Amino acid sequence: MLYYYAFTGHKNGLDRVKKSAVILNKLRDKGIDTMLLVNDFRAGLVAREFGVPESVTIETIQDIDAIAVTGDSVIIDSPEDDHGRLVKYCSDFKKVFRFAQSSEDKSIHGEIMLHLNAKEEQDISSIIVDDVYFEAKEKEQRTLFFLGDSDAEKTILSHADFFKENPMELLLGHYFYVKYEDDLAKIFKTLHEAEEYIDLICTSSKIVTASFQTALEARVAGAEVIFIDLEQCSTEEKELLNAINVSTISSFDTKAYQQSTSKEPLEKCTKIEKSDSIVEQISLSLL
C-alpha cells in the first residue's frame, strides 16, 4: 500500500490535496493500492471532487505510522517538524518520498526527494498539474480572483479598496464561512462556489491568485495570470512563475497590478509537462 500524507487545514489550504489527487489517481490507474492521509475531514471531502475516492484523517506527520505498517510506502508533503519520526519511517517503510520545503532541503535518511528543480539524479519533480488543465477550453472574458482555499486572516476584506478599483469575480475557497461570504458579497458583484474551481480555472481568460498551485494550473490552462505574492513564495517558485510568463506583484498594489496586465496575447505554456513521468518514476521506485 502507498500512503500519501498531505498537510491540510483551515490555515493551510488545499494546494497539497490538488497535487496528491493527480499522483494518486494515476497510480491507482496503474493498479497500485493507495490511500490519502489528511489533517481534517473537509480536506478528504474536497479530495473526492478531484477523483480521490477515500481518505483517512490523522492529526500530524507523527501519526503516519498509526495507519501505515512495515513494508508500506509513503509520500510526505508537509512542512511540519517530524520530531525525528522520519528516521523510523525510512527504516520501517519500503519507500519514503518527501517533498522538499526549500531549494536547500536534501534527503536525510535515504528518502527520495521531490524538488521544484530536481537536480540530483534520484530526485523527482514536484511540479504537479492535473491533465484537465492541459485540455483546450474556450475562454470567457472574465477576471477571476482566487486567494486560496482559506482566508483565516480575512486578507480579502482588509484589501477591499483594491478590489473596488480593480473589479473581479471571486472564486470562494472551501474553508470560507457563510458569514464571511456575506461580507465578501459587498465587495464582489459575482461570487463563485468553491466546487466550480476546475471549470473556472479552465475557462477564465485572466486569473489573479495568491496560490502558487493555482497560478501553475491557470497558466497551463492558457489564462493570463497575475500572482499576488504575500511573502510566502520562495525564490525558486518566483523564478518558475517568471519562466512561464506569470506576472508577480507584491501584495495588493493597484499600480503594480494595472501595470502588469498584459496587452498582448500570451503564448501557450510549454515549460510545464503532464505528470506522467513523475508518476512513472514513483511507480518504478516502488518495484
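Suppose the filter is of a type outside the set (Lys, Arg) and touching a strand residue (DSSP E or B) at 6+ places or on another chain (Cβ under 6 Å); does Asp123 pass it?
yes
Name the residue that is nearest to the chain's Cα centre (by Cα), counting only residues in the stretch 238-268 that are of a type in the set (D, E, K, R) and part of a helix (DSSP H, G or I).
Once the filter is applied, the top-ranked residue is Lys238.
Here is a check on your reading of the model: is Arg42 buried (at least 17 other Cβ atoms within 10 Å of the Cβ), of a type outside the set (Ser, Thr, Tyr) and touching an Asp or Glu at 6+ places or on another chain (Cβ under 7 Å)?
So Arg42 fails the test.
Quick test of your reading of the structure: Ala194 fulfils all but one of (1) among the small types (Gly, Ala, Ser); (2) farther than 28 Å from Arg48 by Cα; (3) touching a Leu at 6+ places or on another chain (Cβ under 9 Å); (4) modelled with pLDDT of 95 or more. Name the failing condition by number.
Just one mismatch for Ala194, condition (2).
Could you check the stretch 15-51 and list, in sequence order, the residues that are in contact with a Phe, Trp or Tyr (Cβ under 9 Å, 6 or more places away or on another chain) and farther than 14 Å from His174 by Cβ?
Lys19, Ser20, Val22, Ile23, Leu24, Asn25, Leu27, Thr34, Met35, Leu36, Leu37
Okay, residues lined up against (1) more than 20 Å from Ala66 (Cα to Cα); (2) modelled with pLDDT under 95:
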{"site": "Met1", "(1), (2)": "no, no"}
{"site": "Asn12", "(1), (2)": "yes, yes"}
{"site": "Val17", "(1), (2)": "yes, no"}
{"site": "Ala21", "(1), (2)": "yes, no"}
{"site": "Asn25", "(1), (2)": "yes, no"}
{"site": "Lys30", "(1), (2)": "yes, no"}
{"site": "Asp33", "(1), (2)": "no, no"}
{"site": "Phe41", "(1), (2)": "no, yes"}
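Does the stretch 1-39 hold any residues that are surrounded by fewer than 24 Cβ atoms within 10 Å (Cβ to Cβ) and in contact with a His (Cβ under 7 Å, 6 or more places away or on another chain), and which are they?
Hits for the stretch 1-39: nothing passes.
Could you list, in sequence order, all residues of the stretch 86-142 that are surrounded by 17 or more Cβ atoms within 10 Å (Cβ to Cβ), β-branched (Val, Ile, Thr) and not in a loop (DSSP other than H, G, I, E, B)?
Val96, Ile112, Ile124, Val132
Suppose we filter Gly51, Gly31, Gly44 for residues that are in a loop (DSSP other than H, G, I, E, B) and either among the basic types (Lys, Arg) or within 29 Å of Ala210 (Cα to Cα) (or both); which single one remains?
Gly51
The values are calculated or read from the model by the stated rules, or taken from the named source; none is laboratory data. Everything numeric here is computed off the predicted structure, so don't read it as measured data. Glycine also receives a Cβ, built like all others from the backbone with ideal geometry; neighbour counts cover every protein chain displayed.
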